[in-house]
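A.B. asks: Provided herewith is a single structure, encoded as structure tokens, for subsequent inquiry.
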Amino acid sequence: MAFVQPEYTRGQVRRAGEALRRDPPDEVELAREMPVITNWRAAHAYPLNTFQATLRQKLSNLGSSSRGSLVGQRLKRLPSIEAKLKRFATMNLERMQDIAGLRAVVPGIAGLRNLHRSYLRARFSHQLRSAHDYVEIPKEDGYRSIHLVYRYEKNYVSPYDGLFVELQMRTRLQHSWATAVETVDIFANQAIKAGRASPEWGEFFKLASAAFAINEGCAPPTEYVGLSAKDIRARLIAADQPMNALVRLRAFAVAANHIQRLGRSTADYHLVILDTDRRRLTVQPFSMDQLDQATIEYANAERRAAKGEPIDAVLVAGGNIDQLRKTYPNYFLDATRFIADVYALQAARP
């Protein structure tokens, strides 16, 4: 199968991004530019697949500290691209670094640090353009993960040269926290991930992050530095009680019979479409040879969402339904792992 190649100049991609940024949009202009945006995003599948193979090899080489790790890859959703362009006035579409997203979820801190070091010591032709250790210094909202951004470069001329791939590395505990945040954003009308949380949800998740960080022997968000694990747990319990955060998270879950599988359960790619009104998930599989078709269907779903349908779509790579649930539990509205993690911390308090 031939991967999609970039068909437009960087200037054309930049202009297409400007059409997507406009608020309100010029519908005629945006319709004209959509093929450029769709092609530019789809072209990132090749470098993303290359980095995915490297990541799996590195995890295999790490042995026991990475056993049971999860790997996921996705092309950035159009609403997320649009929101980022509107949020950052100096951002251009052709310079956006996380259109191709690769994720590794490892069991614990030891595996995370080993994986991080293996990348920093690697001799790639690809350029490491940025590195952020949000485990060492968590974000203000409590987000913890390690981000590496690479600029794809080969030792020979390639049509994919200059495209970016963002690699996120996190522990299972950090992953459960991030999943719960995305689930609340969808169903509690929040924007925690975008930095616009309500005070109640914002405090709850920062405290949960602090408790998880201390549990992993890491630094909590700055405002909780110096507090004991006991104090943070007490504050977390107090933050949960008035709004029943854990009870509400459990209620968001999608029952198994609300997951509609179209075709086989294992495939090279899956188009995952969440109907947020009915809490119904549709999972459509595609083979490697059907990547072009998958890209078209992905764009069609996003057009439906742009016209007002209450759906959220993402195209992800590989595995079966159970693996998808573990790697992308936010699309299954499944925060049960996070709930169990919080309860475990409460049960462990002295």
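The values are calculated or read from the model by the stated rules, or taken from the named source; none is laboratory data. This one's a predicted model, so the numbers in the text were calculated from it and none came from an experiment. No Cβ is skipped: glycine too gets one built from the backbone with ideal geometry, and neighbour counts run over all protein chains shown. To get the accessible areas, we keep the full protein, side chains included, count just its heavy atoms, and leave off ligands, DNA and RNA. Shrake-Rupley method; radii C 1.70, N 1.55, O 1.52, S 1.80 Å.
A.B. asks: About the Cα centre of the range 164-205, how large is the charge dipole given +1 on each Lys and Arg Cβ and -1 on each Asp and Glu Cβ? Please answer in debye to the nearest 20.
C.D. replies: 140
A.B. asks: Also, quick follow-up: Is there a pair in Lys193/Lys326; Lys58/Lys230; Lys84/Lys307; Lys76/Lys154; Lys154/Lys326; Lys76/Lys139 whose C-alpha atoms are over 31 Å apart, and which pairs would that be?
C.D. replies: The answer is Lys58/Lys230; Lys154/Lys326.
A.B. asks: Put +1 on the Cβ of each Lys and Arg and -1 on the Cβ of each Asp and Glu in the chain; which of Ala219, Pro35, Gly17 then has its Cα farthest toward the positive end of the dipole?
C.D. replies: Of the options given, the answer is Ala219.
A.B. asks: Sticking with this structure for a sec: Just going by the charge dipole of the chain, with Lys and Arg at +1 and Asp and Glu at -1 on Cβ, which of Tyr150, Leu173, Ala191 is farthest out on the positive end?
C.D. replies: Ranked along the dipole, the leading option is Leu173.
A.B. asks: Using a 1.4 Å probe, what is the accessible area per residue for the chain, in Å²?
C.D. replies: On the way: 16170 Å² over 350 residues.
So the chain comes to 46 Å² accessible per residue, rounded to a whole number.
A.B. asks: Related question: According to the Kirkwood expression over distinct Cα-Cα pairs, how big is the hydrodynamic radius of the range 207-350, in Å? Each step should come with its number before you reach the end.
C.D. replies: On the way: mean 1/r = 0.0571 Å⁻¹.
Its Kirkwood hydrodynamic radius stands at 17.5 Å.
A.B. asks: For the range 180-205 and the range 250-320, what is the separation of their C-alpha centers, rounded to whole Å?
C.D. replies: 23
A.B. asks: Right, another one. Is the shape of the range 108-219 best called rounded, prolate or oblate, per the rule: a/c under 1.5 gives rounded, else a/b larger than b/c gives prolate, else oblate, with a ≥ b ≥ c the square roots of the Cα gyration tensor eigenvalues?
C.D. replies: On the way: a/c = 3.17, a/b = 1.70, b/c = 1.86.
Since a/c reaches 1.5 but b/c is at least a/b, the shape of the range 108-219 is classed as oblate.
A.B. asks: I've got another one for you. For the range 139-285, restrict the atom set to alpha-carbon positions and state the Rg and Dmax in Å.
C.D. replies: 19.1, 60
A.B. asks: Calculate the FRET efficiency for Arg278 and Arg14 from the Cβ-Cβ distance with a Förster distance of 30 Å, rounded to the nearest 0.05.
C.D. replies: With a Förster radius of 30 Å, E is 0.20.
A.B. asks: What does the helix-only formula give at 222 nm for the chain: each DSSP H stretch with n ≥ 4 adding -39500 (n - 2.57), the total divided by the residues, and the result rounded to the nearest 500 deg cm²/dmol?
C.D. replies: That comes out to -14000 deg cm²/dmol.
A.B. asks: Let me ask something else about it. For Val135, enumerate residues with amide H under 5 Å from its amide H, sequence gap 5+ or separate chain, H modeled in the peptide plane.
C.D. replies: Ser145
A.B. asks: In debye, nearest 20, what is the charge dipole magnitude of the range 174-256 about its Cα centre with +1 on Lys and Arg Cβ and -1 on Asp and Glu Cβ, if you could check?
C.D. replies: Working: 8 positive and 8 negative charges, 21 e Å.
Roughly 100 debye, rounded to the nearest 20.
A.B. asks: Keeping the other protein chains in place, figure out the carbon and sulfur percent of the accessible area of the range 24-127, with a 1.4 Å probe.
C.D. replies: Working: 2360 of 4720 Å².
So the carbon and sulfur contribution to the accessible surface is 50 percent.
A.B. asks: Find the all-direction average of the projected area of the Cα convex hull for the range 167-233, expressing the result in square nanometres with one decimal place.
C.D. replies: 5.0
A.B. asks: Ok, one more. Where nothing but the Cβ of Lys and Arg (+1) and of Asp and Glu (-1) is charged, how large is the charge dipole of the chain around its Cα centre, in debye to the nearest 20? Please list the in-between numbers first.
C.D. replies: Working: 49 positive and 37 negative charges, 164 e Å.
Its charge dipole is roughly 780 debye.
A.B. asks: Can I ask one more? Lys and Arg at +1, Asp and Glu at -1: add these up for the other residues within a Cβ distance under 15 Å of Thr90 and post the number.
C.D. replies: So the environment of Thr90 carries a net charge of +4.
A.B. asks: Note the direction-averaged projected area, equal to a quarter of the hull surface, for the Cα convex hull of the chain, in nm².
C.D. replies: Computed as one quarter of the Cα hull surface, the answer is 18.0 nm².
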